[in-house]
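Below is one structure, written out as structure tokens; comments come after it.
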């Protein structure tokens, strides 16, 4: 995808936003999309109206951007993200993050719901993402490099910004919200992982597994953005319990934990 496509999308949004410049881009997974509904002085823009944007088809994802103020910060909230299993490339998945970077966002907050690989975790736990594992070959930086965003071979030592992870730990402690920490492993889906894949993930050091987040984080890091990521443990991963996995289980866990999850995320936003 050429840089001109990103610029066209950004210019379209600038025409809608006037002088508004977002500080923080927020890609919210299952259970937190409602935060876009409490943004103050909101400007809503449907994905299908934005040049070159793809549509989000995942259940519970509204498929729109919300610009405004949340906890005193100028935000751009993605109510719905794109996934590889929907048929999109990693570059298309990461496209909105790059556009929001062009609009001025310097920080990315990203959340997801995922299965627990770590046997000490339980559904309902919140996990601060410290790193990720992506063994799948595709990636948002594959192909011609766009120097307007970053270098050809970007460092990935600290994609999840250390100072923001420290902020999250302190915030959780002040709120009295238990916060796990761990490594998120990316699988493309849409099928859930096999028990053998979960055993392999555990041996590699993964604590949770899911089907999102990593493409956006890679693109954000390439573009020089700071990143803070959280996972809601929605279920135990395949093979741990003697029952099949279901999408409803994920949605139910997200709904039951939304209050504490949103409090943590918004409190971190407030303390930036």
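The values are calculated or read from the model by the stated rules, or taken from the named source; none is laboratory data. These figures come from a predicted structure and were not determined experimentally. Positions of Cβ are generated from backbone atoms using ideal geometry, with glycine treated the same way; all protein chains shown enter the neighbour counts.
When residue 237 is tested against (1) at pLDDT 95 or above; (2) buried (at least 21 other Cβ atoms within 10 Å of the Cβ), exactly one condition is not met: (1). Determine whether the range 171-178 contains at least one residue that is farther than 23 Å from residue 85 by Cα, within 20 Å of the chain's Cα centre (by Cα) and not in a loop (DSSP other than H, G, I, E, B). Yes, because at least one residue in the range 171-178 is farther than 23 Å from residue 85 by Cα, within 20 Å of the chain's Cα centre (by Cα) and not in a loop (DSSP other than H, G, I, E, B).
Counting residues in the range 132-153 that are assigned to a strand (DSSP E or B) and either in contact with a strand residue (DSSP E or B) (Cβ under 6 Å, 6 or more places away or on another chain) or surrounded by fewer than 24 Cβ atoms within 10 Å (Cβ to Cβ) (or both) gives one or more. Every residue in the range 1-51 that is surrounded by 17 or more Cβ atoms within 10 Å (Cβ to Cβ) and assigned to a loop (DSSP other than H, G, I, E, B), please. Correct list: 20, 22, 29, 30, 31, 32, 39, 50.
Picking from residues in the range 104-122 that are surrounded by 18 or more Cβ atoms within 10 Å (Cβ to Cβ) and part of a loop (DSSP other than H, G, I, E, B), the one that is nearest to the chain's Cα centre (by Cα) is 105.
When we screen 166, 204, 179, 175 for residues that are without any contact (Cβ under 8 Å) to a residue 40 or more places away in the chain and surrounded by fewer than 18 Cβ atoms within 10 Å (Cβ to Cβ), the only hit is 166. Does the range 75-83 include one or more residues that are in contact with a strand residue (DSSP E or B) (Cβ under 8 Å, 6 or more places away or on another chain), free of Cβ contacts under 8 Å to residues at least 24 places away in the same chain and either part of a loop (DSSP other than H, G, I, E, B) or more than 21 Å from residue 258 (Cα to Cα) (or both)? No, every residue in the range 75-83 fails to be in contact with a strand residue (DSSP E or B) (Cβ under 8 Å, 6 or more places away or on another chain), free of Cβ contacts under 8 Å to residues at least 24 places away in the same chain and either part of a loop (DSSP other than H, G, I, E, B) or more than 21 Å from residue 258 (Cα to Cα) (or both). Yes or no: residue 87 at positive phi, modelled with pLDDT under 95 and in contact with a helix residue (DSSP H, G or I) (Cβ under 7 Å, 6 or more places away or on another chain)? Taking the combined requirement at face value, the residue does not satisfy it.
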